[in-house]
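Below you'll find the structure, written out as structure tokens, and then a few comments.
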Amino acid sequence: MLKAENLQRTGSFKLRGALNKVRALGDEVSGVVAGSAGNHAQALAYAARASGLPCFVFMPVDAAVSKVEAVRAFGASVEQRGSSVDECVALAREHAGAEGLGFVHPFDDLDVIAGQAGLGLELLDDVPDLARVVVPIGGGGLASGVAAAVRQRRPGVAIVGVRAAATQAAAQTIADGIAIKHPGEVTRPLLDELLDDVVTVSEDDIAEAMVLLVERSKLVVEGAGAASLAALLSGAVAASSEGSTVAVLSGGNVDVGLLAAIVTRHETRMGRRLRVYMRVSDLPGGLAGLLAAVAGAGANLIHVEHVREGVDLGVRETGIELTVETRGRDHAEELLVALREAGYEPIVAG
């Protein structure tokens, strides 16, 4: 089963914690400030606007453009500084002290954690045979809240956290929403006490989960949100044999360009998209013959490019690189066979 938090008003579970924190602050502050890669920023901007409070957000310099624009659309002032969420959080804390604003931590705050716990309560109400919950972990606010709520009423339910392996290796990850190496002072002991296990998933596994969600469930989910499903699909976590297993899709605020690149990459890996290079006669009709062979094999031509530099060509030859769509690996192989039978020597691009 999937818990689709990507369908929340601001595109992620973060809205739960932000609303609860702003409510807890009440009339004590004249505005709020936070550091975030995007999801927490959008949630706090929305919550602040609903309460009539100014909102200031520090975001990394390489934050997704779509997330920055979404935060501004909710009425927040955005300043892009720092190379990580941790640096932005430190800047926000400093700004809060200097301006007398309410600092709202993205995860290391009991009010925020309590807000995220609402997700766990919903699972208990909606899934009578709940046996296992798989939840992404960045700073640990979501996992802590969900685990605390579930453990209180059904201590036998297993809670498994999922991290991006790239984050643990200090590398860039498509799961930027959980690109935090260590939980906070508040969340760390909660995670240690409440989680049954923590696993890691690769970038390839996350990307494949994102594509599967688009293709099969018609859900647009960001890398961090797809980490839980990636853990199940890759075998890092097994589904429970004693009841329902729920994968929490924590958010859907993915950059459109990144999603398109991931889908294209998947199409190539599945053999449904093929780039192939060939030499053809540089005479009238040379290209037409090649294209006729492609059409005869039933492939769909996407792109044609002449390649005359950096390759070994005869005096009356030209290089042609084709990008084609096929029906899968078997069809791609049929296309290559057809091209060879037509007298070409296709070289598949890596």
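The values are calculated or read from the model by the stated rules, or taken from the named source; none is laboratory data. From a predicted model like this one, the values you see are computed outputs, not experimental measurements. With ideal geometry, Cβ positions are generated from the backbone for all residues, glycine too; neighbour counts draw on all protein chains shown. Just the protein is used for accessible areas: all its heavy atoms, side chains included, with ligands, DNA and RNA removed. Shrake-Rupley method; radii C 1.70, N 1.55, O 1.52, S 1.80 Å.
At a glance:
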item	result
Within segment 58-93, tally of residues that are under 18 Å from P183 (Cα atoms), open to solvent by less than 50 Å² (accessible area, probe 1.4 Å) and among the basic types (K, R)	0
Residues of segment 267-297 classified as open to solvent by 60 Å² or more (accessible area, probe 1.4 Å), touching a His at 6+ places or on another chain (Cβ under 9 Å) and assigned to a helix (DSSP H, G or I), total	0
Residue tally, condition part of a loop (DSSP other than H, G, I, E, B) and open to solvent by less than 10 Å² (accessible area, probe 1.4 Å), over segment 128-137	1
Residue among R188, R151 that is more than 25 Å from G223 (Cα to Cα), open to solvent by 20 Å² or more (accessible area, probe 1.4 Å) and in contact (Cβ under 8 Å) with a residue 12 or more places away in the chain	R151
Among residues of segment 155-181, those that are over 27 Å from V220 (Cα atoms) and out of contact with any strand residue (DSSP E or B) (no Cβ under 7 Å at 6 or more places or on another chain), counted	2
Number of the condition not met by N300 [criteria: (1) open to solvent by 30 Å² or more (accessible area, probe 1.4 Å); (2) in contact with a Gly (Cβ under 7 Å, 6 or more places away or on another chain)]	(2)
Residue list for segment 303-329, filter: surrounded by 12 or more Cβ atoms within 10 Å (Cβ to Cβ), without any contact (Cβ under 8 Å) to a residue 40 or more places away in the chain and in a loop (DSSP other than H, G, I, E, B)	V311, L313
Which listed residue, of A207, A165, A169, is open to solvent by 50 Å² or more (accessible area, probe 1.4 Å), small (G, A, S) and either more than 19 Å from G35 (Cβ to Cβ) or modelled with pLDDT of 95 or more (or both)	A169
Selection from segment 70-117 of residues that are out of contact with any helix residue (DSSP H, G or I) (no Cβ under 6 Å at 6 or more places or on another chain), of a type in the set (A, V, I, L, M, F, W, C) and without any contact (Cβ under 8 Å) to a residue 60 or more places away in the chain	A73, C88, V89, A90, L91, A92, A98
Close pairs (6 angstrom Cβ cut-off, 6 or more residues apart or separate chains): under 14 Å from R269 (Cβ atoms) in segment 200-212, open to solvent by 50 Å² or more (accessible area, probe 1.4 Å) and modelled with pLDDT of 95 or more anywhere	D205/S234; A209/L233
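Residue-by-condition table, conditions (1) without any contact (Cβ under 8 Å) to a residue 24 or more places away in the chain; (2) closer than 25 Å to L121 by Cβ:
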residue: L2; (1), (2): no, yes
residue: G26; (1), (2): yes, yes
residue: G38; (1), (2): no, no
residue: A47; (1), (2): no, yes
residue: F58; (1), (2): no, no
residue: V61; (1), (2): yes, no
